[in-house]
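Worksheet: the structure to be examined is printed underneath.
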Amino acid sequence: WLAGQYVLLYGRPPEELVTAPTSAELQRALDREVEHLERHVYEGDANDPYEGTYAIFNGCRILRTLETGGPVISKRSAGAWGLANLPARWHPAIHAAGHAYDGLATAKDTDVLRDDMAPFVAMVRQRLPSTKPRRPGPPRWS
């Protein structure tokens, strides 16, 4: 409903029942999402093109949300935003994620996702500092 993608059939509108997240709540949620991506990196999931695609597209989604304050966007649209707004260094990974998302990944796409997943997640983390100190050990699963 935050994006206006609903049809009110009866009763009060959703914005009267559920409030939009505050900036601090949104920051905490994004921080946890980045930590989830960091856990995939920690677990060595870069060899799985599905996990690489997830990390690249969700990383784009997180960065777009940081810039716009709007958390509602599809994976495909987040990738398009990344191509329009992130440095060219990340474009091959975003294109590879798109190919994998469509089930058309080549061996080169798989290599790009494997090689760029961890640096991309690190770049996202750099743009979104942690909201609170981390406990020792690996990143948490969300």
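If you check His95 against the conditions, is it open to solvent by 60 Å² or more (accessible area, probe 1.4 Å), in contact with an Asp or Glu (Cβ under 6 Å, 6 or more places away or on another chain) and either aromatic (Phe, Trp, Tyr) or free of Cβ contacts under 8 Å to residues at least 60 places away in the same chain (or both)?
Taking the combined requirement at face value, the residue does not satisfy it.
Looking for whichever is in a helix (DSSP H, G or I), within 29 Å of Thr110 (Cβ to Cβ) and hydrophobic (A, V, I, L, M, F, W, C) here; the options are Ala29, Ala46, Ala24. Which one fits?
Ala46
Quick one: in region 38-79, which of the residues that are aromatic (Phe, Trp, Tyr) and over 16 Å from Arg127 (Cα atoms) is surrounded by the most Cβ atoms within 10 Å (Cβ to Cβ)?
Only one residue tops the list, namely Tyr54.
Among the residues of region 1-28, what is the count of those that are open to solvent by less than 60 Å² (accessible area, probe 1.4 Å), under 19 Å from the mean Cα position of the chain (by Cα) and of a type in the set (Gly, Ala, Ser)?
Number satisfying all stated conditions: 2.
Within the group Ile94, Ile73, which residue is β-branched (Val, Ile, Thr) and part of a loop (DSSP other than H, G, I, E, B)?
Result of the check over Ile94, Ile73: Ile73.
Name the residue, out of Glu25, Glu51, Glu15, that is touching a residue at least 40 places away in the same chain (Cβ under 8 Å) and within 24 Å of Ser77 (Cβ to Cβ).
Glu51
The values are calculated or read from the model by the stated rules, or taken from the named source; none is laboratory data. For clarity, every value in this text was computed on a predicted model and none was experimentally measured. Note that each Cβ is placed from the backbone with ideal geometry, even for glycine, and that neighbours are counted across all protein chains shown. All accessible areas refer to the heavy atoms of the entire protein, side chains included, with ligands and DNA or RNA removed. Shrake-Rupley method; radii C 1.70, N 1.55, O 1.52, S 1.80 Å.
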